[in-house]
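S.K.: Please find one structure pasted underneath; my questions will follow.
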Amino acid sequence: MTIQINTPGDLQAVMGTDYQVSQQQWAAVTAPLRPAVVIAGAGSGKTTLMAARVVYLVATGQVAPEEVLGLTFTTKAAAGLATSVTRALSGAGLLGEGNDEEEPLEPAVSTYNAYAARLLTEHGLRIGFEPDTRVLADATRYQVAARAVSSHTGQIDELSDHRDTVVGNVLALDSAMSEHLVGPGDVIADGESWRPGFLDARNAEAADKHRVSYLEAIDKALGAINRRAELVGLVEDYRALKRRLGVMDFSEQIELAARLAVEHPEVGAGERARYKVVLLDEYQDTSVAQAILLSRLFGEGHPVMAVGDPNQAIYGWRGASVSNILNFGSDFSHPDGVPAYQLTVSRRSAPVILDLANHLAAPLYADLDGVLPLDPAPGRTGGEVHLAVYETQADELAALADQVGQAHAAMPEPLWREIGVLTRDNRTAARVFDALSLAEI
């Protein structure tokens, strides 16, 4: 069945929604079947866009539902995206009825790691990967790393003697190496490339009695090089132990999948034949390894649409590179160019809140070419911003509980889930939870 969709109103009728996509969304929904990137600001409707894009392509006969692949980060996000897409397709009558023996064919939606796991299960033997290798949970991962540290026989001079600190550093370096596709030798070589310069600088400063204070910073740098070299030895022990136990980390899962895609182009050819359209969610938070995996699988002008926002990048600590979305056109090139679409209308927040957010984010916008500030939805008014400074955190938490209670009481139909509290970190979140619980919220 092929349906004519020429306007946002036509798409609304097919999807059965009580709203039309915006003109910004419509431009991306109807984009040609080639690589494209969508910079979607906070609250600008990226999930709506992706669901509408799938419905448009399926309804107009450009792809079948099962030829669509959608990837995102968390299981919850994947479930949300899958629900949005399948609900939209079902509402439009584009999935078929199915029967007792056969389920309707649907788009494939999963997390990046689940997709990498599927690739390794199906093709891992090409690189010597054993399909029964288990992925470590965080607690078990720590236990295995602690075991490797405890049994290490090499000489340790520079590292902390606090085991928890060393184990944490081993896990962090191991993940970073996997996410950046570098080996132990690469890490050592990088450190040693800096050593001569620091030593020359140290000799120069030591010769000048008036600049002895500069030696401390140089010695810290040299110490960091020495500590990292020792840490690499522990990482090698940790990796050897994982191999003996038949286990791996999530970051290692991505690393192996990227290696598979690089070394065996036929795997990518098969995936491109299987999925005619690919949607990549939260692309600003992908790592170097993930970008290489995806570009090797779905490069060569394949219809890949990456959606994300450089201003919402939050996973740099675990190897994510915001340059992936900024350089999408280079990684997924096309002879006719790679269009970039913008979603700047935020339906989540009132104008005064967006004004403040844009003001605070002005330095970010100045550093990101082509990324635009957010605009309020047409006709949206109001909003309030209050600033308060408290002498102690206890005072702040008490005031917060009062504010949440007052906000709930002021609602025409009080619903706790309509109130959100944002915190700086998990430790603060725990204190907020305790304060709200104490106030019977």
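Yes/no per residue for (1) farther than 21 Å from residue 136 by Cα; (2) over 32 Å from the mean Cα position of the chain (by Cα):
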| residue | (1), (2) |
| --- | --- |
| 155 | yes, yes |
| 168 | no, no |
| 172 | no, no |
| 185 | yes, no |
| 201 | yes, yes |
| 219 | yes, yes |
| 222 | yes, yes |
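S.K.: Looking at region 377-400, I want the residues that are over 18 Å from residue 432 (Cβ atoms) and have a partner that is part of a helix (DSSP H, G or I) and open to solvent by 80 Å² or more (accessible area, probe 1.4 Å) with Cβ atoms under 9 Å, at least 6 apart or on another chain. Which pairs are those?
M.R.: 383/355; 385/355
S.K.: Residue by residue through region 199-238, note down the ones that are more than 30 Å from residue 252 (Cβ to Cβ) and among the aromatic types (Phe, Trp, Tyr). Don't jump to the end; show me each part of the working.
M.R.: Step one: list which residues in region 199-238 are more than 30 Å from residue 252 (Cβ to Cβ), which gives 199-220, 222.
Within region 199-238, 214 is the sole residue that qualifies.
S.K.: Within region 135-157, can one find any residue that is under 30 Å from residue 47 (Cβ atoms), surrounded by fewer than 19 Cβ atoms within 10 Å (Cβ to Cβ), touching a residue at least 24 places away in the same chain (Cβ under 8 Å) and not aromatic (Phe, Trp, Tyr)?
M.R.: Taking region 135-157 first, the residues under 30 Å from residue 47 (Cβ atoms) are 135, 137-138.
Now narrow it down to the ones that are surrounded by fewer than 19 Cβ atoms within 10 Å (Cβ to Cβ): 135, 137-138.
Next cut, touching a residue at least 24 places away in the same chain (Cβ under 8 Å) only: 135.
If we keep only those that are not aromatic (Phe, Trp, Tyr) too, we end up with 135.
For region 135-157, residues under 30 Å from residue 47 (Cβ atoms), surrounded by fewer than 19 Cβ atoms within 10 Å (Cβ to Cβ), touching a residue at least 24 places away in the same chain (Cβ under 8 Å) and not aromatic (Phe, Trp, Tyr): present.
S.K.: Please verify whether residue 170 is over 30 Å from residue 298 (Cβ atoms) and open to solvent by less than 70 Å² (accessible area, probe 1.4 Å), treating the condition exactly as stated. Even if it seems obvious, please write down each step before you answer.
M.R.: Values: over 30 Å from residue 298 (Cβ atoms): yes; open to solvent by less than 70 Å² (accessible area, probe 1.4 Å): yes.
Against the criterion (over 30 Å from residue 298 (Cβ atoms) and open to solvent by less than 70 Å² (accessible area, probe 1.4 Å)), residue 170 qualifies.
S.K.: Could we say that residue 16 is within 27 Å of residue 349 (Cα to Cα), out of contact with any Lys or Arg (no Cβ under 6 Å at 6 or more places or on another chain), surrounded by 22 or more Cβ atoms within 10 Å (Cβ to Cβ) and of a type outside the set (A, V, I, L, M, F, W, C) here?
M.R.: no
S.K.: In addition: In this structure, does residue 309 turn out to be of a type in the set (Asp, Glu), at negative phi and in contact with a helix residue (DSSP H, G or I) (Cβ under 7 Å, 6 or more places away or on another chain)?
M.R.: yes
S.K.: Still on this structure: Filter region 1-25 for residues that are in contact with a strand residue (DSSP E or B) (Cβ under 8 Å, 6 or more places away or on another chain) and assigned to a helix (DSSP H, G or I); which is nearest to residue 59 (Cα to Cα)?
M.R.: Across region 1-25, the extreme among qualifying residues is 25.
S.K.: Taking helices (runs of 4 or more DSSP H) that fall entirely within region 313-424, which contain at least 3 residues that are open to solvent by 40 Å² or more (accessible area, probe 1.4 Å)?
M.R.: On the way: elements: 323-326, 328-331, 351-360, 362-367, 393-409.
Those helices (runs of 4 or more DSSP H) span 351-360, 362-367, 393-409.
S.K.: Could you say whether any residue in region 268-285 is out of contact with any helix residue (DSSP H, G or I) (no Cβ under 6 Å at 6 or more places or on another chain), surrounded by fewer than 18 Cβ atoms within 10 Å (Cβ to Cβ) and not in a helix (DSSP H, G or I)?
M.R.: no
The values are calculated or read from the model by the stated rules, or taken from the named source; none is laboratory data. Bear in mind that the values here come from a model prediction, so they are computed numbers and not experimental data. Positions of Cβ are backbone-derived with ideal geometry, glycine not excepted, and every protein chain shown enters the neighbour counts. Areas reflect the complete protein model, heavy atoms only, side chains present, ligands, DNA and RNA absent. Shrake-Rupley method; radii C 1.70, N 1.55, O 1.52, S 1.80 Å.
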